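The values are calculated or read from the model by the stated rules, or taken from the named source; none is laboratory data. Keep in mind it's a predicted model, so treat the numbers as computed, not measured. A quick note on method: Cβ atoms are made from the backbone with ideal geometry, for glycine too, and the neighbour counts reach across all protein chains shown. Ligands, DNA and RNA are stripped out before the accessible areas are found, and what is left, the full protein with its side chains, is counted by its heavy atoms. Shrake-Rupley method; radii C 1.70, N 1.55, O 1.52, S 1.80 Å.
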Amino acid sequence: MSNLRVLSVASEVFPLIKTGGLADVAGALPGALAPLGIAVTTLLPGYPQVMDRLSGTQVVHRWPDLFGGPATLVSAEAAGLALLVLDAPHLYRRSGGPYQDAHGADWSDNAQRFAALAFAAAEVGAGVLGSDPPDVVHAHDWQAALAPVYLRFARAGRRRPATIVTIHNIAFQGQFPAGLLGTLRLPPEAFTIDAVEYYGQIGFLKGGLALVDQITTVSPTYAIEIQSSEMGMGLEGLLHHRSQVLSGILNGVDTEIWNPATDRHLVAQYDAQRLDGRQRNKAALRQRFSLSDDAPGPLLAVVSRLSWQKGMDLLLTALPRLIADGGQLALLGAGDAALQAEFAAAATRHPDRVGAVFGYDEGLSHLMQGGADMILVPSRFEPCGLTQLYGLRYGAVPLVARVGGLADTIIDANDAALAAGVATGFQFAPVAVHALEAALARAARIYRDKPTWRALQERGMATDVSWRRPAAQYAELYRSLAERR
Ligand code: ADP
(Lines give C-alpha, C1' and ligand atoms only; values in the text may rest on other atoms or scores of the structure.)
Protein backbone atom coordinates (compact mmCIF):
# COMPACT_ATOMS: atom_id res chain seq x y z
CA MET A 1 0.00 0.00 0.00
CA SER A 2 1.59 3.26 -1.08
CA ASN A 3 1.71 6.20 1.24
CA LEU A 4 -0.79 8.96 0.66
CA ARG A 5 -0.03 12.53 1.72
CA VAL A 6 -2.76 14.58 3.37
CA LEU A 7 -2.62 18.22 4.38
CA SER A 8 -5.04 18.70 7.28
CA VAL A 9 -5.96 22.35 7.84
CA ALA A 10 -7.47 23.42 11.15
CA SER A 11 -7.75 26.50 13.34
CA GLU A 12 -7.23 24.50 16.54
CA VAL A 13 -5.30 21.31 17.26
CA PHE A 14 -5.07 19.51 20.61
CA PRO A 15 -2.88 19.72 22.66
CA LEU A 16 -1.55 22.99 21.24
CA ILE A 17 -4.72 25.03 21.19
CA LYS A 18 -8.29 23.96 21.88
CA THR A 19 -11.74 25.45 22.33
CA GLY A 20 -13.82 22.39 21.38
CA GLY A 21 -14.11 19.03 19.73
CA LEU A 22 -12.51 20.15 16.48
CA ALA A 23 -9.15 20.37 18.24
CA ASP A 24 -9.49 16.82 19.57
CA VAL A 25 -10.22 15.50 16.10
CA ALA A 26 -7.46 17.43 14.35
CA GLY A 27 -5.00 16.35 17.03
CA ALA A 28 -5.88 12.64 17.11
CA LEU A 29 -6.66 11.71 13.53
CA PRO A 30 -3.07 11.96 12.18
CA GLY A 31 -1.80 9.39 14.66
CA ALA A 32 -4.68 7.03 13.87
CA LEU A 33 -4.07 7.33 10.12
CA ALA A 34 -0.32 6.76 10.19
CA PRO A 35 -0.53 2.95 10.55
CA LEU A 36 -2.87 2.93 7.54
CA GLY A 37 -0.25 4.45 5.25
CA ILE A 38 -1.67 7.97 5.37
CA ALA A 39 0.93 10.64 6.18
CA VAL A 40 -0.78 13.72 7.58
CA THR A 41 0.80 17.14 7.90
CA THR A 42 -1.27 19.62 9.87
CA LEU A 43 -1.41 23.29 8.92
CA LEU A 44 -2.48 25.68 11.66
CA PRO A 45 -2.09 29.35 12.61
CA GLY A 46 0.94 30.47 14.57
CA TYR A 47 -0.84 31.64 17.73
CA PRO A 48 1.53 32.38 20.63
CA GLN A 49 0.40 29.14 22.36
CA VAL A 50 1.52 27.24 19.26
CA MET A 51 4.78 29.09 18.53
CA ASP A 52 5.95 28.47 22.10
CA ARG A 53 5.76 24.70 21.73
CA LEU A 54 7.45 24.02 18.42
CA SER A 55 10.64 22.08 17.91
CA GLY A 56 12.76 21.37 14.84
CA THR A 57 11.47 24.52 13.15
CA GLN A 58 12.46 25.33 9.60
CA VAL A 59 11.17 28.13 7.38
CA VAL A 60 9.88 26.55 4.18
CA HIS A 61 8.11 29.46 2.51
CA ARG A 62 7.73 33.24 2.76
CA TRP A 63 5.02 35.65 1.70
CA PRO A 64 6.17 39.31 1.73
CA ASP A 65 2.56 40.35 2.20
CA LEU A 66 -0.17 37.98 3.35
CA PHE A 67 -3.31 40.01 3.99
CA GLY A 68 -1.51 42.96 5.53
CA GLY A 69 1.91 41.82 6.69
CA PRO A 70 4.75 39.42 6.04
CA ALA A 71 4.28 35.74 6.83
CA THR A 72 6.37 32.62 6.91
CA LEU A 73 5.44 29.00 6.74
CA VAL A 74 7.37 27.01 9.28
CA SER A 75 7.68 23.25 9.27
CA ALA A 76 7.95 21.90 12.80
CA GLU A 77 6.99 19.17 15.19
CA ALA A 78 5.02 19.27 18.39
CA ALA A 79 3.19 16.63 20.39
CA GLY A 80 4.08 13.98 17.82
CA LEU A 81 2.43 15.91 14.98
CA ALA A 82 4.10 16.93 11.72
CA LEU A 83 3.14 20.59 11.41
CA LEU A 84 3.18 23.47 9.01
CA VAL A 85 2.66 26.59 11.08
CA LEU A 86 1.57 29.81 9.44
CA ASP A 87 3.56 32.43 11.31
CA ALA A 88 1.87 35.72 10.47
CA PRO A 89 2.45 37.96 13.50
CA HIS A 90 0.03 40.66 12.31
CA LEU A 91 -2.77 38.06 12.26
CA TYR A 92 -2.06 35.62 15.08
CA ARG A 93 0.48 36.92 17.61
CA ARG A 94 -1.82 38.44 20.16
CA SER A 95 -3.11 37.43 23.55
CA GLY A 96 -6.67 36.13 23.74
CA GLY A 97 -8.40 33.19 22.14
CA PRO A 98 -8.14 31.88 18.59
CA TYR A 99 -11.37 33.57 17.51
CA GLN A 100 -12.10 36.14 20.17
CA ASP A 101 -10.35 38.68 22.36
CA ALA A 102 -10.17 38.44 26.15
CA HIS A 103 -13.65 40.05 26.42
CA GLY A 104 -15.30 37.46 24.19
CA ALA A 105 -15.66 39.70 21.13
CA ASP A 106 -14.77 38.21 17.73
CA TRP A 107 -11.49 39.53 16.37
CA SER A 108 -12.44 42.22 13.86
CA ASP A 109 -10.05 40.80 11.26
CA ASN A 110 -11.19 37.16 11.43
CA ALA A 111 -11.93 37.26 7.69
CA GLN A 112 -8.27 38.01 6.93
CA ARG A 113 -6.97 35.72 9.67
CA PHE A 114 -8.70 32.61 8.37
CA ALA A 115 -8.63 33.50 4.69
CA ALA A 116 -4.86 33.57 5.17
CA LEU A 117 -4.93 30.06 6.65
CA ALA A 118 -6.94 28.73 3.70
CA PHE A 119 -4.81 30.67 1.21
CA ALA A 120 -1.65 29.11 2.61
CA ALA A 121 -3.31 25.68 2.42
CA ALA A 122 -4.15 26.22 -1.24
CA GLU A 123 -0.59 27.30 -1.98
CA VAL A 124 0.81 24.18 -0.34
CA GLY A 125 -1.81 22.07 -2.12
CA ALA A 126 -0.84 23.64 -5.42
CA GLY A 127 2.75 22.60 -4.83
CA VAL A 128 4.60 25.80 -3.85
CA LEU A 129 6.81 23.86 -1.45
CA GLY A 130 8.23 21.81 -4.31
CA SER A 131 8.67 18.14 -3.60
CA ASP A 132 5.98 15.86 -2.18
CA PRO A 133 2.85 18.00 -2.53
CA PRO A 134 -0.22 16.63 -0.75
CA ASP A 135 -2.58 14.26 -2.56
CA VAL A 136 -5.49 15.52 -0.48
CA VAL A 137 -6.23 18.84 1.25
CA HIS A 138 -8.61 18.26 4.15
CA ALA A 139 -10.09 21.51 5.46
CA HIS A 140 -11.89 21.59 8.80
CA ASP A 141 -14.79 24.00 9.39
CA TRP A 142 -15.28 27.53 8.06
CA GLN A 143 -11.88 28.71 9.19
CA ALA A 144 -10.23 26.48 6.58
CA ALA A 145 -13.10 26.13 4.12
CA LEU A 146 -11.83 28.67 1.58
CA ALA A 147 -8.98 26.32 0.66
CA PRO A 148 -10.87 24.69 -2.24
CA VAL A 149 -12.06 28.15 -3.30
CA TYR A 150 -8.49 29.48 -3.55
CA LEU A 151 -7.43 26.31 -5.35
CA ARG A 152 -10.13 27.01 -7.92
CA PHE A 153 -9.62 30.75 -8.37
CA ALA A 154 -6.24 31.93 -7.14
CA ARG A 155 -4.36 28.84 -8.24
CA ALA A 156 -6.29 28.00 -11.37
CA GLY A 157 -4.19 25.98 -13.79
CA ARG A 158 -1.77 24.75 -11.17
CA ARG A 159 -1.65 21.26 -9.80
CA ARG A 160 -4.82 20.52 -7.86
CA PRO A 161 -5.06 18.01 -5.03
CA ALA A 162 -8.31 16.29 -4.05
CA THR A 163 -10.23 18.32 -1.47
CA ILE A 164 -12.42 17.56 1.53
CA VAL A 165 -14.27 19.91 3.84
CA THR A 166 -15.42 18.51 7.18
CA ILE A 167 -18.25 20.25 9.01
CA HIS A 168 -17.77 19.98 12.76
CA ASN A 169 -20.58 22.40 13.54
CA ILE A 170 -22.74 24.07 10.92
CA ALA A 171 -23.75 26.81 13.36
CA PHE A 172 -20.43 28.51 12.63
CA GLN A 173 -20.21 29.51 8.98
CA GLY A 174 -17.87 32.49 8.68
CA GLN A 175 -19.83 35.23 6.93
CA PHE A 176 -18.21 38.54 6.05
CA PRO A 177 -19.06 41.70 4.09
CA ALA A 178 -18.95 41.47 0.31
CA GLY A 179 -16.68 44.52 0.26
CA LEU A 180 -13.80 42.32 1.49
CA LEU A 181 -13.68 40.32 -1.74
CA GLY A 182 -10.62 42.11 -3.15
CA THR A 183 -8.89 42.24 0.24
CA LEU A 184 -9.26 38.48 0.46
CA ARG A 185 -7.78 38.09 -3.05
CA LEU A 186 -10.96 36.61 -4.40
CA PRO A 187 -11.77 37.63 -7.99
CA PRO A 188 -15.20 39.09 -8.86
CA GLU A 189 -16.15 35.81 -10.55
CA ALA A 190 -15.90 34.06 -7.16
CA PHE A 191 -18.84 36.14 -5.96
CA THR A 192 -21.59 33.99 -7.44
CA ILE A 193 -24.19 31.61 -6.09
CA ASP A 194 -21.99 28.71 -7.25
CA ALA A 195 -19.07 29.91 -5.16
CA VAL A 196 -18.75 32.22 -2.13
CA GLU A 197 -21.78 34.50 -2.49
CA TYR A 198 -24.18 33.82 0.41
CA TYR A 199 -27.18 36.06 0.97
CA GLY A 200 -25.21 39.04 -0.33
CA GLN A 201 -22.17 38.29 1.82
CA ILE A 202 -19.02 36.22 1.50
CA GLY A 203 -19.64 32.78 3.02
CA PHE A 204 -16.46 30.93 3.86
CA LEU A 205 -18.12 27.62 4.65
CA LYS A 206 -20.65 28.09 1.89
CA GLY A 207 -17.94 28.65 -0.72
CA GLY A 208 -16.01 25.62 0.42
CA LEU A 209 -19.08 23.38 0.39
CA ALA A 210 -19.96 24.56 -3.10
CA LEU A 211 -16.56 23.85 -4.62
CA VAL A 212 -15.01 21.02 -2.63
CA ASP A 213 -14.80 17.45 -3.99
CA GLN A 214 -16.15 15.75 -0.88
CA ILE A 215 -18.02 16.92 2.20
CA THR A 216 -17.99 15.02 5.44
CA THR A 217 -19.49 15.70 8.79
CA VAL A 218 -18.92 13.99 12.09
CA SER A 219 -21.84 11.57 12.30
CA PRO A 220 -24.18 9.85 9.86
CA THR A 221 -27.26 11.28 11.57
CA TYR A 222 -25.92 14.85 11.45
CA ALA A 223 -25.19 14.35 7.72
CA ILE A 224 -28.92 13.81 7.24
CA GLU A 225 -30.08 16.45 9.74
CA ILE A 226 -28.14 19.29 8.08
CA GLN A 227 -30.06 18.71 4.87
CA SER A 228 -33.22 19.86 6.66
CA SER A 229 -34.37 23.42 7.26
CA GLU A 230 -34.51 22.81 11.02
CA MET A 231 -30.82 21.94 11.26
CA GLY A 232 -29.17 23.18 8.07
CA MET A 233 -28.90 26.79 9.27
CA GLY A 234 -29.42 28.11 5.75
CA LEU A 235 -27.10 25.67 4.03
CA GLU A 236 -29.62 22.79 3.77
CA GLY A 237 -30.41 23.48 0.09
CA LEU A 238 -26.77 23.37 -0.97
CA LEU A 239 -26.10 20.30 1.17
CA HIS A 240 -29.12 18.49 -0.21
CA HIS A 241 -27.96 19.39 -3.73
CA ARG A 242 -24.53 17.92 -2.91
CA SER A 243 -25.81 14.92 -0.94
CA GLN A 244 -24.06 12.53 -3.35
CA VAL A 245 -20.70 13.70 -2.00
CA LEU A 246 -21.81 14.19 1.61
CA SER A 247 -21.21 11.51 4.23
CA GLY A 248 -20.88 11.20 7.99
CA ILE A 249 -17.89 9.68 9.77
CA LEU A 250 -18.07 9.52 13.56
CA ASN A 251 -15.30 10.93 15.68
CA GLY A 252 -13.21 8.66 17.85
CA VAL A 253 -11.38 9.56 21.01
CA ASP A 254 -7.72 9.28 21.94
CA THR A 255 -7.82 6.11 24.01
CA GLU A 256 -4.37 6.72 25.51
CA ILE A 257 -5.24 10.15 26.86
CA TRP A 258 -8.70 8.90 27.84
CA ASN A 259 -7.90 5.69 29.66
CA PRO A 260 -9.25 5.21 33.20
CA ALA A 261 -6.60 2.57 33.92
CA THR A 262 -3.73 5.07 33.53
CA ASP A 263 -5.36 8.51 33.84
CA ARG A 264 -3.25 10.71 36.13
CA HIS A 265 -6.08 13.18 36.59
CA LEU A 266 -8.03 10.56 38.54
CA VAL A 267 -7.65 10.02 42.27
CA ALA A 268 -7.97 6.28 41.63
CA GLN A 269 -7.38 4.44 38.37
CA TYR A 270 -9.66 1.56 37.48
CA ASP A 271 -10.85 -0.68 34.67
CA ALA A 272 -14.01 -2.55 33.70
CA GLN A 273 -13.08 -5.57 35.85
CA ARG A 274 -12.48 -3.44 38.94
CA LEU A 275 -14.76 -0.46 39.08
CA ASP A 276 -14.33 0.23 42.80
CA GLY A 277 -11.81 3.02 42.10
CA ARG A 278 -14.75 5.02 40.84
CA GLN A 279 -16.00 5.39 44.42
CA ARG A 280 -12.88 7.30 45.45
CA ASN A 281 -13.13 9.50 42.39
CA LYS A 282 -16.77 10.16 43.21
CA ALA A 283 -15.84 11.18 46.75
CA ALA A 284 -13.17 13.53 45.41
CA LEU A 285 -15.62 14.99 42.94
CA ARG A 286 -18.22 15.61 45.63
CA GLN A 287 -15.59 17.33 47.69
CA ARG A 288 -14.45 19.47 44.76
CA PHE A 289 -18.04 20.58 44.12
CA SER A 290 -18.97 20.82 47.84
CA LEU A 291 -21.73 18.22 47.44
CA SER A 292 -23.01 16.05 50.27
CA ASP A 293 -21.97 12.41 50.22
CA ASP A 294 -25.33 10.91 51.14
CA ALA A 295 -27.59 11.62 48.14
CA PRO A 296 -29.49 8.44 47.21
CA GLY A 297 -29.61 9.04 43.44
CA PRO A 298 -26.91 9.22 40.77
CA LEU A 299 -24.27 11.95 40.57
CA LEU A 300 -24.66 13.51 37.13
CA ALA A 301 -21.87 15.44 35.44
CA VAL A 302 -21.98 18.08 32.73
CA VAL A 303 -18.80 19.14 30.91
CA SER A 304 -19.84 21.61 28.30
CA ARG A 305 -19.81 24.96 26.66
CA LEU A 306 -22.71 26.83 28.22
CA SER A 307 -24.86 27.72 25.24
CA TRP A 308 -28.30 27.34 23.72
CA GLN A 309 -27.00 24.52 21.51
CA LYS A 310 -26.09 22.45 24.54
CA GLY A 311 -29.62 22.60 26.03
CA MET A 312 -28.40 24.01 29.33
CA ASP A 313 -31.63 25.97 29.79
CA LEU A 314 -33.59 22.68 29.55
CA LEU A 315 -31.40 21.22 32.25
CA LEU A 316 -32.04 24.21 34.53
CA THR A 317 -35.78 23.69 34.13
CA ALA A 318 -35.45 19.95 34.80
CA LEU A 319 -33.26 20.40 37.90
CA PRO A 320 -36.11 20.08 40.44
CA ARG A 321 -36.94 16.66 38.95
CA LEU A 322 -33.31 15.56 39.13
CA ILE A 323 -33.13 16.63 42.76
CA ALA A 324 -36.51 15.06 43.63
CA ASP A 325 -35.18 11.75 42.29
CA GLY A 326 -32.30 11.99 44.77
CA GLY A 327 -29.73 13.03 42.18
CA GLN A 328 -26.82 15.44 42.28
CA LEU A 329 -25.33 17.62 39.56
CA ALA A 330 -21.71 18.65 39.08
CA LEU A 331 -21.31 21.09 36.22
CA LEU A 332 -18.09 22.26 34.61
CA GLY A 333 -18.65 24.81 31.91
CA ALA A 334 -17.89 28.15 30.40
CA GLY A 335 -19.78 30.44 28.08
CA ASP A 336 -23.07 32.31 28.28
CA ALA A 337 -23.01 34.63 31.31
CA ALA A 338 -26.76 34.37 31.97
CA LEU A 339 -26.64 30.55 32.06
CA GLN A 340 -23.61 30.72 34.30
CA ALA A 341 -25.48 33.00 36.74
CA GLU A 342 -28.47 30.64 36.78
CA PHE A 343 -26.35 27.60 37.55
CA ALA A 344 -24.55 29.57 40.25
CA ALA A 345 -27.94 30.47 41.74
CA ALA A 346 -29.09 26.84 41.59
CA ALA A 347 -25.91 25.80 43.43
CA THR A 348 -26.66 28.40 46.11
CA ARG A 349 -30.25 27.16 46.46
CA HIS A 350 -29.24 23.47 46.65
CA PRO A 351 -25.66 23.52 47.94
CA ASP A 352 -25.55 19.81 48.80
CA ARG A 353 -27.09 18.74 45.49
CA VAL A 354 -25.83 21.12 42.81
CA GLY A 355 -22.26 22.29 42.28
CA ALA A 356 -20.78 24.35 39.47
CA VAL A 357 -17.26 25.25 38.42
CA PHE A 358 -16.98 27.86 35.70
CA GLY A 359 -14.01 27.94 33.36
CA TYR A 360 -12.03 25.49 31.34
CA ASP A 361 -10.33 22.69 33.26
CA GLU A 362 -9.05 19.69 31.30
CA GLY A 363 -7.91 17.80 34.41
CA LEU A 364 -11.19 18.25 36.24
CA SER A 365 -13.08 17.08 33.15
CA HIS A 366 -11.25 13.74 33.45
CA LEU A 367 -12.06 13.40 37.14
CA MET A 368 -15.71 14.06 36.35
CA GLN A 369 -15.84 11.22 33.82
CA GLY A 370 -14.04 8.97 36.31
CA GLY A 371 -16.21 9.79 39.31
CA ALA A 372 -19.70 10.73 38.16
CA ASP A 373 -22.35 8.04 37.72
CA MET A 374 -23.64 9.69 34.58
CA ILE A 375 -22.67 12.24 31.96
CA LEU A 376 -25.50 14.42 30.75
CA VAL A 377 -25.64 15.85 27.19
CA PRO A 378 -29.04 17.46 26.50
CA SER A 379 -28.00 19.19 23.26
CA ARG A 380 -30.53 20.65 20.81
CA PHE A 381 -28.13 19.64 18.08
CA GLU A 382 -24.85 17.80 18.35
CA PRO A 383 -22.74 17.05 15.26
CA CYS A 384 -20.90 14.21 17.05
CA GLY A 385 -20.23 15.04 20.68
CA LEU A 386 -17.20 13.75 22.53
CA THR A 387 -18.17 13.87 26.17
CA GLN A 388 -20.61 10.96 25.81
CA LEU A 389 -17.78 8.91 24.25
CA TYR A 390 -15.51 9.68 27.19
CA GLY A 391 -18.45 8.73 29.41
CA LEU A 392 -18.76 5.32 27.74
CA ARG A 393 -15.05 4.69 28.17
CA TYR A 394 -15.06 5.75 31.83
CA GLY A 395 -18.26 4.02 32.93
CA ALA A 396 -20.12 7.32 33.40
CA VAL A 397 -23.41 6.27 31.84
CA PRO A 398 -24.46 8.82 29.18
CA LEU A 399 -27.88 10.42 29.17
CA VAL A 400 -28.23 12.23 25.86
CA ALA A 401 -30.63 13.94 23.51
CA ARG A 402 -31.43 11.76 20.49
CA VAL A 403 -29.81 14.02 17.89
CA GLY A 404 -26.76 13.90 15.65
CA GLY A 405 -23.83 11.88 16.88
CA LEU A 406 -25.52 11.33 20.24
CA ALA A 407 -28.15 9.25 18.43
CA ASP A 408 -25.40 7.29 16.64
CA THR A 409 -23.21 6.45 19.64
CA ILE A 410 -25.52 5.58 22.53
CA ILE A 411 -27.92 2.65 22.69
CA ASP A 412 -30.94 3.65 24.74
CA ALA A 413 -31.88 1.47 27.70
CA ASN A 414 -35.43 0.85 26.51
CA ASP A 415 -37.08 -2.47 27.33
CA ALA A 416 -36.00 -4.13 24.09
CA ALA A 417 -32.37 -3.06 24.43
CA LEU A 418 -32.27 -4.10 28.09
CA ALA A 419 -33.78 -7.48 27.24
CA ALA A 420 -31.29 -7.96 24.41
CA GLY A 421 -28.44 -6.85 26.69
CA VAL A 422 -27.14 -4.13 24.38
CA ALA A 423 -28.06 -0.84 26.10
CA THR A 424 -25.26 1.61 26.94
CA GLY A 425 -27.11 4.71 28.15
CA PHE A 426 -30.25 6.81 27.93
CA GLN A 427 -31.67 8.87 25.09
CA PHE A 428 -34.53 11.32 25.10
CA ALA A 429 -36.59 12.84 22.31
CA PRO A 430 -37.93 15.31 21.45
CA VAL A 431 -35.38 17.68 22.89
CA ALA A 432 -37.76 19.22 25.41
CA VAL A 433 -38.04 19.46 29.18
CA HIS A 434 -40.73 16.80 29.62
CA ALA A 435 -38.71 14.22 27.69
CA LEU A 436 -35.52 15.09 29.59
CA GLU A 437 -37.40 14.75 32.89
CA ALA A 438 -38.78 11.35 31.88
CA ALA A 439 -35.30 10.13 30.96
CA LEU A 440 -33.87 11.41 34.26
CA ALA A 441 -36.58 9.52 36.14
CA ARG A 442 -35.96 6.36 34.10
CA ALA A 443 -32.22 6.59 34.80
CA ALA A 444 -32.78 7.14 38.53
CA ARG A 445 -34.95 4.01 38.60
CA ILE A 446 -32.41 1.81 36.85
CA TYR A 447 -29.63 3.28 39.00
CA ARG A 448 -31.24 1.60 42.02
CA ASP A 449 -31.05 -1.78 40.21
CA LYS A 450 -27.33 -2.29 40.76
CA PRO A 451 -26.70 -5.34 38.50
CA THR A 452 -28.48 -3.67 35.57
CA TRP A 453 -26.57 -0.45 36.18
CA ARG A 454 -23.27 -2.27 36.34
CA ALA A 455 -24.10 -4.05 33.06
CA LEU A 456 -24.75 -0.66 31.42
CA GLN A 457 -21.36 0.56 32.61
CA GLU A 458 -19.54 -2.56 31.46
CA ARG A 459 -21.08 -2.50 28.01
CA GLY A 460 -20.20 1.17 27.64
CA MET A 461 -16.63 0.48 28.66
CA ALA A 462 -16.44 -2.40 26.16
CA THR A 463 -17.65 -0.16 23.30
CA ASP A 464 -14.93 0.66 20.80
CA VAL A 465 -14.78 4.48 20.82
CA SER A 466 -11.24 4.61 19.45
CA TRP A 467 -10.19 6.11 16.13
CA ARG A 468 -9.70 2.64 14.62
CA ARG A 469 -12.93 2.50 12.63
CA PRO A 470 -13.26 6.21 11.79
CA ALA A 471 -9.62 6.34 10.67
CA ALA A 472 -10.19 3.40 8.32
CA GLN A 473 -13.18 5.24 6.86
CA TYR A 474 -11.18 8.43 6.30
CA ALA A 475 -8.34 6.42 4.77
CA GLU A 476 -10.70 4.76 2.33
CA LEU A 477 -12.22 8.11 1.42
CA TYR A 478 -8.81 9.72 0.86
CA ARG A 479 -7.73 6.85 -1.37
CA SER A 480 -10.87 6.84 -3.47
CA LEU A 481 -10.69 10.64 -3.92
CA ALA A 482 -7.01 10.54 -4.83
CA GLU A 483 -7.63 7.73 -7.33
CA ARG A 484 -10.42 9.62 -9.02
CA ARG A 485 -8.15 12.55 -9.80
P1 ADP B 1 -18.16 21.09 21.23
O2 ADP B 1 -17.02 20.87 20.29
O3 ADP B 1 -19.45 21.47 20.56
O4 ADP B 1 -17.83 22.03 22.35
P5 ADP B 1 -17.77 18.28 21.95
O6 ADP B 1 -18.48 17.40 22.90
O7 ADP B 1 -17.59 17.78 20.55
O8 ADP B 1 -18.51 19.70 21.95
O9 ADP B 1 -16.32 18.59 22.49
C10 ADP B 1 -16.13 19.34 23.66
C11 ADP B 1 -14.73 19.05 24.18
O12 ADP B 1 -14.33 20.10 25.05
C13 ADP B 1 -14.66 17.79 25.00
O14 ADP B 1 -13.34 17.29 24.91
C15 ADP B 1 -14.95 18.30 26.43
O16 ADP B 1 -14.45 17.46 27.42
C17 ADP B 1 -14.22 19.61 26.39
N18 ADP B 1 -14.78 20.65 27.27
C19 ADP B 1 -15.90 21.40 27.07
N20 ADP B 1 -16.06 22.29 28.06
C21 ADP B 1 -15.04 22.11 28.91
C22 ADP B 1 -14.63 22.73 30.14
N23 ADP B 1 -15.31 23.73 30.67
N24 ADP B 1 -13.49 22.28 30.75
C25 ADP B 1 -12.79 21.26 30.20
N26 ADP B 1 -13.12 20.64 29.06
C27 ADP B 1 -14.22 21.06 28.41
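Okay, here's what the table says:
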item: Between segment 297-316 and segment 393-452, the alpha-carbon center distance in angstrom; result: 15 Å
item: Percent of beta bridges antiparallel (DSSP, the chain, rounded to nearest 5); result: 30 percent
item: Thr317-Ala344 FRET efficiency (beta carbon distance; Förster radius 22 Å; 0.05 resolution); result: 0.85
item: DSSP bridge orientation in segment 221-346 - percent antiparallel, rounded to nearest 5; result: 10 percent
item: In sequence order, calculated HN-Hα J values of segment 250-260 (Karplus, 6.51, -1.76, 1.60; Hz; x Gly/Pro); result: 5, 6, x, 10, 6, 7, 8, 5, 9, 9, x
item: Segment 348-416: chymotrypsin sites (Phe, Trp or Tyr not before Pro) in DSSP coil with no more than 15 other Cβ atoms inside 10 Å; result: Tyr360
item: Accessible area of segment 173-229 belonging to carbon and sulfur atoms, whole % at 1.4 Å probe; result: 61 percent
item: Set of lysines with alpha-carbon distance to Lys18 below 21 Å, sequence-local pairs under 8 removed; result: Lys310
item: Accessible surface of segment 268-350 [probe 1.4 Å, protein heavy atoms]: carbon and sulfur percent; result: 51 percent
item: Dipole magnitude of segment 67-135 about its Cα centre (Cβ charges: Lys, Arg +1; Asp, Glu -1), debye to nearest 20; result: 220 debye
item: Span-rule helices in the chain, defined as complete DSSP H runs reaching 15 Å or more along the axis (Cα) with Kyte mean at least 1.0; result: 21-33, 312-324
item: Added length on full extension, which subtracts the Cα-Cα distance from 0.36 nm per residue, Ala295 to Ala39; result: 87.1 nm
item: Cα centre as origin, Lys/Arg/Asp/Glu Cβ charges: the chain dipole, Debye; result: 420 debye
item: Karplus-derived HN-Hα couplings along segment 401-414 (A = 6.51, B = -1.76, C = 1.60, θ = phi - 60°), whole Hz, x at Gly and Pro; result: 6, 8, 9, x, x, 5, 5, 7, 10, 10, 9, 5, 7, 7
item: Nearest-0.05 FRET efficiency for Asn3 and Gln473, computed from C-beta distance (R0 22 Å); result: 0.75
item: Positive-end residue, the chain charge dipole about Cα centroid, Cβ charges, pick of Gln388, Gln244, Leu456; result: Leu456
item: C-alpha center-to-center spacing [segment 238-288, segment 1-52] in angstrom; result: 20 Å
item: With all protein chains modelled, accessible area of Trp258 [1.4 Å, Å²]; result: 10 Å²
item: Tensor-based shape of segment 277-462 (alpha-carbon gyration tensor, a/c under 1.5 rounded, otherwise prolate or oblate); result: rounded
item: Heavy atoms of His90 accessible to a 1.4 Å probe, total area in Å² rounded to 10; result: 60 Å²
item: Anisotropy class of segment 127-173 from Cα gyration tensor, a/c 1.5 cut; result: prolate
item: Label-point gap, in nm, between Arg94 and Arg185 - each point 7 angstrom along Cα→Cβ; result: 2.1 nm
item: Area accessible to solvent at Arg160, 1.4 Å probe radius, in Å²; result: 70 Å²
item: For segment 72-215, with +1 on Lys and Arg beta carbons and -1 on Asp and Glu, the positive-most of Gly125, Phe204, Ala139 along the dipole; result: Gly125
item: Listed residues Leu66, Ala190, Ala341: farthest to the positive end of the dipole of the chain (Cβ charges); result: Leu66
item: Inter-label distance, nm, simple model (7 Å from Cα along the C-beta direction), Ala441/Asn414; result: 1.8 nm
item: Solvent-accessible area per residue for the chain (1.4 angstrom probe, square angstrom); result: 39 Å²
item: Spatially proximal aspartates and glutamates relative to Lys282 (Cα-Cα < 13 Å; intrachain offsets below 8 disregarded); result: Asp293, Asp294, Asp373
item: FRET efficiency for Gln279 and Ala462, using Cβ-Cβ distance with R0 set to 22 Å, rounded to 0.05; result: 0.60
